[in-house]
Structure formats: C-alpha cells, structure tokens
Amino acid sequence: MARRPLVESVFDDILERIIDGTYQPGAALPSENDLAASLDVSRLTVREALKQLQAQHVVQIKRGLGTYVNPAAQWTDLQAILRHASTTADSPDVSLRLLEVRRMVETGAAELAALHATDEDLARMATANAALQTAHEARDLDAVTAADIAFHDAIFRASANPFLPVVLGPLSRLLYTMRRETSSFHEVQQHAIAHHTSVLEAIRTRNPEMARQAMQAHINQTYDDYERFIRPQRQHQEIT
C-alpha cells in the first residue's frame, strides 16, 4: 500500500511523456530498467505503472518485445483522454469530436425535456436565453458563454435524467473553451439566440420529436458556424 502513491506518480510521469510526444504512438517505451533509472524508482514500481497503463489501453505490453504506445483513439480511461485532448484543444479533430458528442447527448436531452419539463424548467430556459440576448447586445463574451451554457444545462435538468450532466460534466472545460471561441463571433451569437428560442418553443409543445429536431437544427448550425468562422481562422493561424 505504501508503494501505491509512487506507482501513481510514475504512471502520471509516463503518461505525460506520451502526451507531450516524447514517446510517440507505435513507438516502444524505454526498457523497465531505463525507465526506473530515469524516474529514480524501482523496476517493480515501473512494472506496476505499466500494467495500469496497459489496463487503460494507453500502452501494449508485448512479451519478449517491449512496451508500445497505443494511439489515443484506443485509450479507454476518460481522464487520460481528457489530458490528451487538453493539449490539442485547438485541433479541428477535437472540436468536431466534441460536436458529435453534443449532437448525440443534447438531441436526446431535448426530447426528454419535452416530456418532463416543469414550468420552473421552462422559466429557467427562458431566463438563460434572455440573458444571452442581453449579453449579446452588451458584447460581453464571458456573459454570452455563461448564458449559452446555462440554457443547455437547463435542458439537461428538465430531462429529469440525473445521468445526463454526468456524461458531459468531465468535458466541461473543453466545451467551455470551444463555446467561447465560437461565440466570439457576433453572427454566431445571433444564431444561438434564434435556435435557443426554437428549441424552447419546441419543448413547450411537449412534442419530443419536434424538440429533437429543433436541437438537431441547432447543432447543425453550430457545425456550419465552425466551418465558416473557426476553421478558416485556425488555418490562417497555422500559416502565419
């Protein structure tokens, strides 16, 4: 038990070297002896850390051949994936993958909200959208982002499913960064206000399919806004 914190520390150190590119996907890690020497720990500690990394599919241990780094797409530990994604948060691939998650989760959340939303839930959505309008007019980007998130959080709450916030909760920092970047464009804010209004009205009808379609249209617009505003900006930054 006394060795467990040390194993976790070695786990983190090796994972960090994988994430920062010191050890590339497909490449072999140094031997256990070399890792132990570089980290100033015992070989047994390194071996236990490697077993944990293998259990999360971060690495693959090939008996007699060595330990090899797996591509991040094969990893199964959420925290490791989040740490990796945080280093590439400005990558188009990460942004689009997050939009895919939002599409799957939020369309279903809107559908459930149409079935279960209370008057208080509807009022909470309306308040968030009004706050978004006010922040838009004031050109307050931080307030715009906060109001945008509050609107979607209100839908999660209205779904009456306590697991929904848990699904996206660990991604909140990445989602915040992405939303703030997209919302920096005034036209995108106008799109959000219009779509939030449509989603709210659809939920008010108590028609699950209409609510799903309204949210689907909102996410589709977000895809379009990304392609029109964010991707060209990033490509320009890469060139310069």
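The values are calculated or read from the model by the stated rules, or taken from the named source; none is laboratory data. Because the structure is predicted, anything quoted here is derived from the model rather than measured. As a convention, Cβ positions derive from the backbone with ideal geometry for all residues, glycine included, and neighbour counts pool all protein chains shown.
Numerical summary
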| quantity | calculated |
| --- | --- |
| Boolean, Leu175 is touching a helix residue (DSSP H, G or I) at 6+ places or on another chain (Cβ under 9 Å), at pLDDT below 95 and hydrophobic (A, V, I, L, M, F, W, C) | yes |
| Where Arg179 falls short, out of the listed (1) surrounded by fewer than 21 Cβ atoms within 10 Å (Cβ to Cβ); (2) charged (D, E, K, R); (3) without any contact (Cβ under 8 Å) to a residue 40 or more places away in the chain | (1) |
| In segment 136-156, the residues that are surrounded by fewer than 21 Cβ atoms within 10 Å (Cβ to Cβ) and either closer than 27 Å to Ile81 by Cβ or of a type in the set (A, V, I, L, M) (or both) | Ala138, Leu141, Ala143, Ala146, Ile149, Ala150, Asp153 |
| Residue in segment 79-92 that is exposed (fewer than 13 other Cβ atoms within 10 Å of the Cβ) and in contact with a Phe, Trp or Tyr (Cβ under 8 Å, 6 or more places away or on another chain) present | no |
| Number of positions in segment 7-44 that are more than 29 Å from the chain's Cα centre (by Cα), in a helix (DSSP H, G or I) and over 20 Å from Arg63 (Cα atoms) | 3 |
| Residues (under 17 Å from Ala150 (Cβ atoms) and among the hydroxyl-bearing types (Ser, Thr, Tyr)) located in segment 178-222 | Thr182, Ser183, Thr197, Thr222 |
| Ala194 vs. criteria within 20 Å of Ala114 (Cβ to Cβ) and crowded, with 21+ Cβ neighbours inside 10 Å | no |
| Any chance Arg43 is among the basic types (Lys, Arg) and outside the structural domain of Gln221 (by TED's automatic domain parsing) | yes |
